Amino acid sequence: MNLRPFGRGRLTGTVDVVVVGAGHSGLAMSRQLTRLAIDHVVLERGEVANSWRHERWDSLRLLTPNWQSRLPDYAYDGPDPDGFMTMPDVVDFVSGYARFIAAPVRTGVTVTSVRADDDGYRVETDRGAWRCRAVVLASGAHGAANLPAFADSVPDSVQTLTTREYRHPDQLDPRGVLVVGASASGVQLADEIARSGREVTLCVGEHIRMLRTYRGLDIQRWLDALGILDERYDTIDDVVRARRVPSPQLIGTPERRTLDLNALSDRGVTLAGRLAGLQDGKAQFSGALANHCAMADLKLGRLLDLIDSWVEENPARLASAVAGLRPADAAERFAATRVPENPPLTLDLTRGRIGTILWATGFRPDLDWLQVPVFDRKGRLRHDGGVVDAPGLYVLGLNFMRRRKSSFIHGAESDVRELGAHLVTYLSRGEVRPRRFEPTQFAPARIAAG
Ligand SMILES: Cc1cc2nc3c(=O)[nH]c(=O)nc-3n(C[C@H](O)[C@H](O)[C@H](O)COP(=O)(O)OP(=O)(O)OC[C@H]3O[C@@H](n4cnc5c(N)ncnc54)[C@H](O)[C@@H]3O)c2cc1C
């Protein structure tokens with residue numbers, strides 16, 4: 001790496017690869033680049049693990065168990081492999097990784113633009129510029145909130161915030177809360193806010209109903225054993241749709257409880273359909289709540305059928321896949337989601353009952369600073385499993401980017417191995433054209449938070 005001072009506290013340099021972002025994705029790629037002896041730098045606008053430090057709510061725990069907290073050459077090895085990390089635990093885990101791999105991270109450096117330049121890229125930051133041959137975009141999939149177009153029409157008397165701005169119930173007005181979106185974040189926060197004594201209405205569209213445990217094992221053990229998390233993007237019929245699938249209704253708690261719509265109804269949460277519009281201060285809900293719930297019940301049933309057949313067909317594999325754990329309990333089926341007979345179709349936000357709207361409608365990457373023509377007309381990044389449609393440009397951490405697990409901590413290992421191999425070929429032999437380009441899903445209100 002070639003560094004020279006550039007004014008007070010500024011750096012400028014030339015390097016083979018610039019990685020943007022020091023979350024787990026950027027760090028995992030840094031480890032891979034080091035292994036491949038590729039000169040690189042990781043530029044981070046805040047601190048290592050910045051998103052986990054500053055963009056999550058206080059009570060959040062991972063919904064993936066500790067045994068899934070693993071990165072290249074590094075894994076959780078504490079006494080509770082089936083437990084769920086708190087945010088300080090995750091910050092320690094990711095920061096510990098940065099130290100362990102001695103990642104060349106420059107913190108407090110915001111990338112303000114990336115442009116093609118000769119046979120590489122010019123990366124401008126608020127602390128000087130870098131020249132490089134390749135850039136890895138590891139700046140996260142949750143940079144900008146997916147808000148519906150009518151979000152601006154919320155009456156002034158109602159506070160609005162996204163799941164990234166929410167920290168704890170005490171920051172909310174004491175009146176009722178409309179939680180929009182029923183993926184992992186939406187159900188977790190509807191539960192927490194209802195427990196604080198506030199009246200909660202949850203808007204439910206397409207969602208993934210999930211159990212925390214099944215037949216005595218954590219659901220992630222089953223998804224892992226069945227190979228579902230390893231499914232590749234290029235073996236899926238409709239990857240664009242698969243990338244839009246919301247995150248499952250899961251929560252990681254010490255008591256391993258299942259958090260589905262029935263549990264929320266039991267807690268007093270009112271279920272409504274998807275928030276379809278806002279007119280004259282009135283929220284309008286879709287009438288398809290029952291359909292969405294029936295579909296989610298059906299899909300859960302199919303998953304359980306799959307697990308049961310796998311158990312029957314693979315007794316030996318079961319023993320090794322879940323070695324050391326207790327044998328699988330008997331198959332079980334669960335009550336259908338209880339849908340209110342007459343769910344609300346409108347809610348007057350001007351009447352004073354609702355004090356807050358919490359948008360749990362998901363996020364999309366914020367790549368406004370990427371000045372390279374790699375976006376389609378809907379503003380979606382064109383990439384083939386993380387190989388962006390421009391020579392030497394790569395992305396990490398997106399939903400179902402190369403595998404179903406790509407956006408999770410444990411998904412980084414295989415993605416950086418494969419993209420690292422592509423990158424080293426690119427650097428040594430010149431341009432390698434990717435095979436096909438599937439846009440990342442950037443459409444509003446579809447990518448689920450969490
Ligand atoms: C609520 C929530 C719960 C989740 N729970 C789980 C879970 O249980 N298990 C799991 O495996 N995954 C979970 N995830 C998904 C995923 O692991 C996290 O989103 C993770 O933070 C993604 O890591 P990343 O490195 O790809 O991106 P990030 O952690 O977001 O890192 C990106 C980094 O890039 C930096 N950056 C951005 N723009 C710039 C710029 N212009 N210049 C310089 N730096 C920049 C940011 O400051 C940040 O540090 C969850 C996500 C959310 C939102």
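The values are calculated or read from the model by the stated rules, or taken from the named source; none is laboratory data. None of these values were measured; they are calculated from a predicted model. Ideal geometry is used to build each Cβ from the backbone, glycine not excepted, and the neighbour counts take in all protein chains shown. We work out accessible area using only protein heavy atoms, side chains counted, and drop any ligands, DNA or RNA first. Shrake-Rupley method; radii C 1.70, N 1.55, O 1.52, S 1.80 Å.
Does Thr112 fit the bill of being assigned to a strand (DSSP E or B), open to solvent by 50 Å² or more (accessible area, probe 1.4 Å), within 24 Å of Leu367 (Cβ to Cβ) and of a type outside the set (A, V, I, L, M)? Steps first, please.
Details: assigned to a strand (DSSP E or B): yes; open to solvent by 50 Å² or more (accessible area, probe 1.4 Å): yes; within 24 Å of Leu367 (Cβ to Cβ): yes; of a type outside the set (A, V, I, L, M): yes.
So Thr112 fits the description; yes.
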request  = Quick one: Met87 ticks every box in (1) open to solvent by 10 Å² or more (accessible area, probe 1.4 Å); (2) in contact (Cβ under 8 Å) with a residue 60 or more places away in the chain; (3) touching a Leu at 6+ places or on another chain (Cβ under 8 Å) except a single one, so which number is it?
outcome  = (2)
task = Within segment 150-179, count every residue that is part of a loop (DSSP other than H, G, I, E, B), open to solvent by 10 Å² or more (accessible area, probe 1.4 Å) and closer than 14 Å to Leu60 by Cβ.
result = 4
query = Somewhere in segment 172-179, is a residue among the β-branched types (Val, Ile, Thr) and out of contact with any helix residue (DSSP H, G or I) (no Cβ under 7 Å at 6 or more places or on another chain)?
reply = no
request  = With respect to Arg106, determine if the residue is open to solvent by 50 Å² or more (accessible area, probe 1.4 Å) and within 11 Å of the ligand (Cβ to nearest atom).
outcome  = yes
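Pick from Glu418, Glu413: which is within 14 Å of the ligand (Cβ to nearest atom), at pLDDT 90 or above and part of a helix (DSSP H, G or I)? Give the derivation first.
Working: Glu418 fails: within 14 Å of the ligand (Cβ to nearest atom).
Result: Glu413 is the single residue among Glu418, Glu413 that is within 14 Å of the ligand (Cβ to nearest atom), at pLDDT 90 or above and part of a helix (DSSP H, G or I).
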request  = Could you tell me which residue of segment 262-279 is least open to solvent (accessible area, probe 1.4 Å), considering only residues that are farther than 23 Å from Ile219 by Cα and out of contact with any helix residue (DSSP H, G or I) (no Cβ under 8 Å at 6 or more places or on another chain)?
outcome  = Leu275
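Out of all the residues in segment 10-29, which are over 18 Å from Met401 (Cβ atoms) and surrounded by 23 or more Cβ atoms within 10 Å (Cβ to Cβ)?
We begin by selecting, within segment 10-29, every residue over 18 Å from Met401 (Cβ atoms); these are 10-18, 22.
The answer is Val17, Val18, Ala22.
Can Val135 be described as among the hydrophobic types (A, V, I, L, M, F, W, C), open to solvent by less than 20 Å² (accessible area, probe 1.4 Å) and closer than 24 Å to Ala360 by Cα?
On the way: among the hydrophobic types (A, V, I, L, M, F, W, C): yes; open to solvent by less than 20 Å² (accessible area, probe 1.4 Å): yes; closer than 24 Å to Ala360 by Cα: no.
When the stated conditions are applied, Val135 does not pass them.
Would you check if there is a residue in segment 46-55 being at pLDDT 95 or above and more than 10 Å from the ligand (Cβ to nearest atom)?
Going through segment 46-55, the residues at pLDDT 95 or above turn out to be 46-55.
Now restrict to residues that are more than 10 Å from the ligand (Cβ to nearest atom): none.
No, segment 46-55 has no match at all.
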ask   = In segment 366-389, which residues are open to solvent by less than 10 Å² (accessible area, probe 1.4 Å), assigned to a loop (DSSP other than H, G, I, E, B) and in contact (Cβ under 8 Å) with a residue 24 or more places away in the chain?
value = Gly385, Gly386
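Which of the following residues is buried (at least 23 other Cβ atoms within 10 Å of the Cβ), within 25 Å of Ala421 (Cα to Cα) and modelled with pLDDT of 95 or more: Leu63, Leu43, Leu36? Full working, then the answer.
Details: Leu63 fails: within 25 Å of Ala421 (Cα to Cα); Leu36 fails: buried (at least 23 other Cβ atoms within 10 Å of the Cβ).
Checking each option against the conditions leaves just Leu43.
Can you find a residue that is open to solvent by less than 30 Å² (accessible area, probe 1.4 Å), in contact with a Pro (Cβ under 6 Å, 6 or more places away or on another chain) and either touching a residue at least 12 places away in the same chain (Cβ under 8 Å) or over 30 Å from Arg382 (Cα atoms) (or both) anywhere in segment 252-261? Walk me through it before giving the result.
Quick first cut of segment 252-261, residues open to solvent by less than 30 Å² (accessible area, probe 1.4 Å) only: 252-253, 259-261.
Okay, now just the ones that are also in contact with a Pro (Cβ under 6 Å, 6 or more places away or on another chain), so none.
No, that holds for no residue.
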task = For Asp119, state whether it is within 30 Å of Ile38 (Cα to Cα) and surrounded by fewer than 17 Cβ atoms within 10 Å (Cβ to Cβ).
result = yes
inquiry  = Suppose we keep only residues that are basic (Lys, Arg) and part of a helix (DSSP H, G or I) within segment 28-45. Which one would you say is farthest from the ligand (Cβ to nearest atom)?
reply    = Arg35
